[in-house]
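Working notes for the structure below.
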Amino acid sequence: METARLTLDRDFTIAPVGRRLFGSFVEHMGRCVYTGIFEPGHPTADEHGFRADVLELTRELGVSVVRYPGGNFVSGYRWEDGVGPVADRPTRLDLAWRQIETNRFGLDEFMTWTRAAGVEPMMAVNLGTRGIQEACDLLEYANHPGGTRLSDLRAEHGRPDPYGIRLWCLGNEMDGPWQVGHKTADEYGRLANETARAMRLVDPDVRLVLCGSSNSRMPTFGGWEATVLEHAYDAVDYLSLHAYYEEDGDLPGFLASAADMDRFISSVVATADHVAAKQRTRKRIDLSFDEWNVWNQADYHGREREPFEEAPRLIEDTYTAADAVVVGDLLITLLRHADRVAVACQAQLANIIAPIRTEPGGPAWRQSIFHPFALTARHARGEVLRVEPVSPALDTGRHGEVPQLSAVATLDEDGVTLFAVNRSPDRPLEMTADLRDVHADRVVEACTLAEDDPHRVGGPAEEVRPRPLDGVKADGGTLTAVLPPASWTMVRLGRRA
Ligand code: AHR
C-alpha cells in the first residue's frame, strides 16, 4: 500500500478558522424557499410557516451565514414586492428560472427565519435590472434606525429595530450572458463602484462583495476580475468566486475537483494582489466563495421553453458517497485558504443542489453531502494548520497530476482535528502524521465516509453517512490511519489527561 506523510506543528498556522466559511445559500429558486424552508400548513410549521424539521437540520448542519435571495433570481427582483401585508404583495414573473413568484416570503420573513436558525444574513442587491437607488432603498429599509420613509415602513411592518445586515453582494454573476441585465466588465465595474460608494453613505458598516467571474471556465475569467477591481478596488471588501463540480462519467477526475478549486483561489488572489500593486495600495481584497458545490449540470437542460410555474422541482440532485467526498475535499481547500477566503456559501440549503431534502407535507432528510459539512463546521475550530502533505501523485487527466492525499488540520484548546481525503477511486492510502508539538495524541474520534459503491445514494429511510474508522493509532508521536479508496476522513485527537 502506498503511504502519504504529513506534519502537525502548532507553529505552522495559516489563519484562524473563520466561521463565515460555513455559509449556505437560499435562493427563490425551485423549492428552496417554498416547501423547503417555508411551508405554512406543513405538520412541523411554526407560526411563521417555517418548517421546524428544516430549521433543526439547518442548525445541525452548522451553517453560519446564509446568502439571499439569489443567485440569478436577484437580477430581476424587486425587494419591495416581498415586504408588507402578504395579501397586498404582487405575483410576478421570475425570468431567471421561469417561475411564478408569489412573494409570500420576502426580506422580513427571511430575517425572522435567520434568527430562528441562528445564522447571519448575507443580502444581494439587484444590479441586473436595477441600480444605485434601489440598492440604497433596500439598505435604508434594512439598516437605518428610523425617522425616514423606508425605515419607518419597516417599523410599520412590525420590525422597529434595524436589521444591521453587514454582508452585501453587489449583484450576482454579472459576467454571465444568462444573467438578466448582464454587463461588460467596464459597465459592471463602474456601476458596482458607484453603488458601493452610495451604500456606504447610507451605512458605513457594510461589507461589500464585488462579482468575480461566474466560474473559471468563462472566456473572460481573469480579465473580468482585473477590470472590475480596477474600477471598484477602494469601494469594496471582497471579490466573489463561484464553482460547481460534476462527475460527468469521469470518477477519478471528479474526485480531484478540489485541485481545481485550489488553483482557482490562487489565481484570483494573484489577480487581486496584482491590482493592489498597480494601484499602490496596501488594502487587501479577500475572497467570498459565495457559491460552491457539486452540481450534476449534465442533468440540467435549462428552462427556456418550460411554462412559468410556482416552486417547480428544479435541480434537486440526489447525492452519492463520491459527491460527499468531493464536498469534504472542497471544505478542506477552503480551510487551506482561510487566510484569503473570508466567506464561503455552499449552494444551496434545501432541495436545490442541497444537503437538506424535503417533500411537501412530508419528511426532511440529510443527503450524503450534509455530513462532511456538518462535521467540518462543528469540529474545525481555533487555528488552521498547514500540514505539508507528501503524497503519491494521481494523474487525473481533467486536472493534470494532483496529490492523492488532500488534508488540513485545525488546532484548538481541546486538541487537533485532521480532515483528509483519499482521492484515488480504487487504492487505499496509508497516512502517517508526525504529531510534533501539538500535545494531542489521544484518538477521540475517527470516522470516514466511503462506500464500496461510490455511487451509492441515500434517502429519507437510509442515509449515506460516515462510519467509525478502525485501526487509527496515535503512538510515540505518530498518527497512522488507512484511508479507504474515495474517502473523506476526520480524526480528532485530544490531549492526554
Ligand atoms: O445556485 C444556482 C445558480 O447557479 C444561481 O442562481 C446562479 O448564481 C448560479 O449560476
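Assorted remarks:
- Screening Val384, Val390 for residues that are over 30 Å from Leu349 (Cβ atoms), of a type in the set (A, V, I, L, M, F, W, C) and in contact (Cβ under 8 Å) with a residue 40 or more places away in the chain leaves exactly one candidate, Val390.
- Residue among Leu287, Leu239, Leu255 that is in contact with a Gly (Cβ under 6 Å, 6 or more places away or on another chain) and either surrounded by 20 or more Cβ atoms within 10 Å (Cβ to Cβ) or hydroxyl-bearing (Ser, Thr, Tyr) (or both): Leu239
- Residues of the range 308-342 that turn out to be more than 16 Å from the ligand (Cβ to nearest atom) and under 25 Å from Arg465 (Cα atoms), as a count: 15
- In the range 250-302, the residue that is nearest to the ligand (Cβ to nearest atom) out of those that are among the small types (Gly, Ala, Ser) and touching a helix residue (DSSP H, G or I) at 6+ places or on another chain (Cβ under 9 Å) is Ser288.
- Matching residues in the range 29-59 - criterion: being surrounded by 18 or more Cβ atoms within 10 Å (Cβ to Cβ) and of a type in the set (D, E, K, R): Arg31, Glu39, Arg51, Asp53
- Which listed residue is touching a Ser or Thr at 6+ places or on another chain (Cβ under 6 Å) and within 16 Å of the ligand (Cβ to nearest atom), from Val63, Val33: Val63
- Selection count, the range 131-183, where residues are within 16 Å of the ligand (Cβ to nearest atom) and more than 16 Å from Leu107 (Cβ to Cβ): 14
- Yes/no for Arg305 being within 15 Å of the ligand (Cβ to nearest atom), exposed (fewer than 15 other Cβ atoms within 10 Å of the Cβ), more than 27 Å from Val209 (Cβ to Cβ) and charged (D, E, K, R): no
- In the range 434-449, the residues that are touching a Leu at 6+ places or on another chain (Cβ under 8 Å) and not polar (S, T, N, Q): Asp434, Leu435, Arg436, Val438, Ala440, Asp441, Arg442, Val443, Val444, Ala446, Cys447
- Asn215 passes every criterion in (1) more than 16 Å from the ligand (Cβ to nearest atom); (2) without any contact (Cβ under 8 Å) to a residue 40 or more places away in the chain; (3) under 18 Å from the mean Cα position of the chain (by Cα) apart from (1).
- Selected residue (criterion: nearest to Gly477 (Cα to Cα)) from residues of the range 3-30 that are out of contact with any Asp or Glu (no Cβ under 9 Å at 6 or more places or on another chain) and within 16 Å of the ligand (Cβ to nearest atom): Ser24
- Close pairs (8 angstrom Cβ cut-off, 6 or more residues apart or separate chains): crowded, with 16+ Cβ neighbours inside 10 Å in the range 193-210, among the basic types (Lys, Arg) anywhere: Val206/Arg166; Val206/Arg200; Arg207/Arg166; Leu208/Arg200
FYI, it's all coordinate maths here, none of it is from the lab. Since this is a predicted model, take the numbers as computed values, not measurements. Positions of Cβ are generated from backbone atoms using ideal geometry, with glycine treated the same way; all protein chains shown enter the neighbour counts.
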